[in-house]
């Protein structure tokens, strides 16, 4: 075969024909879950879980979802909320300093 052959030596990945068994998640899903508990979301944002609980009642926090009695946060919603709360200085339009609710 001549140099510069059109054949590639790269390995191709083939998806498994069978989905994971019930109760089993692949490593990527457990490393980067799509939905986070309040505690996980607080850790992600470096806030206390209590802060997120207050924001659910008072407003102003990230969007959340309810699955029955369970509250979860989508990772994309947490990032979007963090991106919306980006300011260059305290005098930026839209920057509002709220009174403490404690």
Query raised in the report: In the range 18-36, is there at least one residue being assigned to a loop (DSSP other than H, G, I, E, B), at pLDDT 60 or above and surrounded by 12 or more Cβ atoms within 10 Å (Cβ to Cβ)?
Result: yes
**Report entry** residue 79 in a loop (DSSP other than H, G, I, E, B), surrounded by fewer than 14 Cβ atoms within 10 Å (Cβ to Cβ) and at pLDDT 95 or above
**Finding:** no
Query - Any hit, the range 53-61, residues being modelled with pLDDT of 95 or more, outside any helix (DSSP H, G or I) and out of contact with any strand residue (DSSP E or B) (no Cβ under 8 Å at 6 or more places or on another chain) - result: yes
Query raised in the report: What pairs can you find where one residue is in the range 24-53 and closer than 17 Å to residue 79 by Cα, the other is at pLDDT below 95 and in a loop (DSSP other than H, G, I, E, B), and their Cβ atoms are less than 8 Å apart, with a gap of 6+ or different chains?
Result: 40/33
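The values are calculated or read from the model by the stated rules, or taken from the named source; none is laboratory data. Predicted, not measured: the structure shown is a model, and the values here were computed from it. Ideal geometry is used to build each Cβ from the backbone, glycine not excepted, and the neighbour counts take in all protein chains shown.
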